[in-house]
Amino acid sequence: LGVHFQYKIVSGKSSAASALHWGGVDITTGLDIANMTIMAPMRNITGNISTTDMTLTQGNLNFVNSAFTVPIEVSTSVRLGYILTLIAGAGVDVNMGESAYTIDPIKMEYAVPLSAGGTKNTNIGEIQFEKTSKPSVIADVRFFIGPQINLVPVAKGKNILSLTVLASVSTVDLFGAKASVNMGF
């Protein structure tokens, strides 16, 4: 999820027939938030140690990741006709976040053979684990380029509604892509 604000620092120019419009230079900033949780249930994992059957029950393996990014971008664009716009630019992303992985309490049991036959399950304890990582703030330089389809174009190169796909190369992640729906006023 992201919210961005854009300010035009250099005004654009249109050709006489308005078929070609240079969008000028924009500066954009905002906030992007990403959260991901993966839970893997661990139920009744059995094994054998010597002649004793061991069972691990009632555990979950959890991964939780939260990331916050403040982008600062400078971009330009060229609109060809009313439908297609090409966008290019550079930016710095200030990234922060937290990652954690946990193992919920896992009961450990083993089966003890009884002299009269059968077995008796004996609880030998529980295991619980948690690790959290809070990396320092990381700044990432990024270059991007891509097309935009203008669904509701208006005069002077502006768009009320558009679809954008941007490919980016950065100093940290090497390559990425982003698709977005944009609304402008």
- Item | Added length on full extension, which subtracts the Cα-Cα distance from 0.36 nm per residue, Leu163 to Ser11 | 52.5 nm
- In this structure, the FRET efficiency calculated for Ser180 and Ala139 from their beta-carbon separation, with R0 = 25 Å, to the nearest 0.05, is 0.65
- With Ser99 itself left out, Lys, Arg at +1 and Asp, Glu at -1 over residues whose Cβ is under 13 Å from its Cβ give 0
- Note on the structure: Put Tyr7, Tyr101 in order of accessible area, largest first, probe 1.4 Å, and you get Tyr7, Tyr101
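The values are calculated or read from the model by the stated rules, or taken from the named source; none is laboratory data. Keep in mind the model is a prediction, meaning the values are calculated, not measured. As a convention, Cβ positions derive from the backbone with ideal geometry for all residues, glycine included, and neighbour counts pool all protein chains shown. Quick note on the areas: whole protein, heavy atoms, side chains included, nothing else; ligands and nucleic acids left out. Shrake-Rupley method; radii C 1.70, N 1.55, O 1.52, S 1.80 Å.
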